[in-house]
Amino acid sequence: MTESPPARVFADRSEACRTLALELVGLVVSIQATGRHAVLGLATGRTPLPFYAELIRLHREGKLSFARIITFNLDEYLGLPARHPESYHSFMRRELFDHVDIPAANIHIPDGMVTPEKLAAHCAAYEDAIRAAGGIDFQLLGIGRTGHIGFNEPGSPRDSRTRRVELDPITRQDAAPSFGGLDQVPTHAISMGCGTILEARKIALLAWGDAKAAIVNEALTGPVTDRVSASFLQEHPDATFYLDAEAGKAL
Ligand code: PGA
């Protein structure tokens with residue numbers, strides 16, 4: 001038997017992000033008080049933008065330091081160099097890392113330019129680095145219209161690990177505007193697997209707006225199935241959905 005993770009519906013995304021950011025500060029401080037670094041799993045896309053803005057604000061107010069934080073991003077497009085404006089390396093620098101005090105050595109993002117011969121070893125090394133850091137304390141997630149978490153598109157097994165994945169046509173369509181056309185969107189990515197994500201000790205999935213209401217409802221209340229990888233969160237002991245009123249309206 002599974003119990004759905006709690007869904008917290010806020011008036012708007014700012015309130016959701018303010019709440020979660022303060023909770024994260026508390027978690028980071030309590031972990032660091034034990035003498036170890038806090039390990040965060042980070043996400044990209046439109047959804048986390050107001051959350052990162054809030055973390056930057058807290059950093060500027062002196063309430064959050066990244067000096068003893070280690071980060072692992074969920075995914076990266078295959079074939080994009082780190083300097084490409086749409087790479088997740090660029091995204092993370094622009095939206096968070098350039099504005100906080102995180103040491104470069106603490107940042108981990110899969111390499112989109114890894115050669116096919118080195119890809120399996122690169123993915124295994126990513127998993128090893130997560131383990132060596134002590135595992136992920138807090139994993140931030142968005143949800144795609146396909147129900148993906150990371151780039152775990154429909155059919156991704158529950159126990160999948162970091163690997164090369166093919167992007168769903170819906171996911172590529174959603175990315176087309178920022179790439180300036182569908183033909184510019186990469187077809188493949190490297191993504192943490194469902195199994196990698198589910199090992200995080202605490203998980204927060206964010207979703208905003210009408211367009212996410214149906215898939216959020218399916219992930220929370222539908223069957224646990226690899227057709228909707230976010231539905232695996234129903235089996236996680238500490239996963240919470242942070243929703244605005246529109247994304248939560250179908251619940
Ligand atoms: P979005 O993407 O934040 O740009 O809506 C979410 C996702 O695909 O996980």
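The values are calculated or read from the model by the stated rules, or taken from the named source; none is laboratory data. In this text the structure is predicted, and so the values were computed from the model without any measurement. Counting neighbours? That spans all protein chains shown, and the Cβs are built from the backbone with ideal geometry, glycine included. Heavy atoms of the whole protein, side chains included, go into the accessibility calculation; ligands, DNA and RNA do not. Shrake-Rupley method; radii C 1.70, N 1.55, O 1.52, S 1.80 Å.
Assorted remarks:
- A207 of a type in the set (G, A, S), buried (at least 18 other Cβ atoms within 10 Å of the Cβ), within 18 Å of L167 (Cα to Cα) and within 12 Å of the ligand (Cβ to nearest atom): no
Condition check ((1) over 20 Å from Y126 (Cβ atoms); (2) touching a strand residue (DSSP E or B) at 6+ places or on another chain (Cβ under 8 Å); (3) within 16 Å of the ligand (Cβ to nearest atom); (4) not acidic (D, E)) across all residues:
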{"position": "A11", "(1), (2), (3), (4)": "yes, yes, no, yes"}
{"position": "S30", "(1), (2), (3), (4)": "yes, no, no, yes"}
{"position": "A33", "(1), (2), (3), (4)": "yes, no, no, yes"}
{"position": "A38", "(1), (2), (3), (4)": "no, yes, no, yes"}
{"position": "G45", "(1), (2), (3), (4)": "no, no, yes, yes"}
{"position": "I56", "(1), (2), (3), (4)": "yes, no, no, yes"}
{"position": "K63", "(1), (2), (3), (4)": "yes, no, no, yes"}
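- Some residue of region 171-180 being among the acidic types (D, E), within 12 Å of the ligand (Cβ to nearest atom), in a loop (DSSP other than H, G, I, E, B) and within 24 Å of S87 (Cα to Cα): no
- Subset of region 137-170 [in a loop (DSSP other than H, G, I, E, B), more than 12 Å from G195 (Cα to Cα) and hydrophobic (A, V, I, L, M, F, W, C)]: I143, F151, L167
- Qualifying residues in region 143-165 (those that are away from the ligand (no atom under 15 Å from the Cβ) and closer than 14 Å to L78 by Cα) - the one least open to solvent (accessible area, probe 1.4 Å): T162
- Condition met for G112 (more than 16 Å from the ligand (Cβ to nearest atom) and open to solvent by 20 Å² or more (accessible area, probe 1.4 Å)): no
- Within region 181-198, one or more residues are of a type in the set (S, T, N, Q) and surrounded by 23 or more Cβ atoms within 10 Å (Cβ to Cβ).
- Taking strands (runs of 3 or more DSSP E) as the structural unit, those lying wholly within region 1-120 and holding at least 1 residues that are within 18 Å of D137 (Cα to Cα) correspond to 38-42, 69-73, 75-77.
- Qualifying residues in region 210-236 (those that are more than 13 Å from the ligand (Cβ to nearest atom) and in a loop (DSSP other than H, G, I, E, B)) - the one surrounded by the fewest Cβ atoms within 10 Å (Cβ to Cβ): P223
- Residue check, P186 over 30 Å from S30 (Cβ atoms) and not acidic (D, E): yes
- Among the residues making up region 185-221, none is of a type in the set (F, W, Y) and over 22 Å from N73 (Cα atoms).
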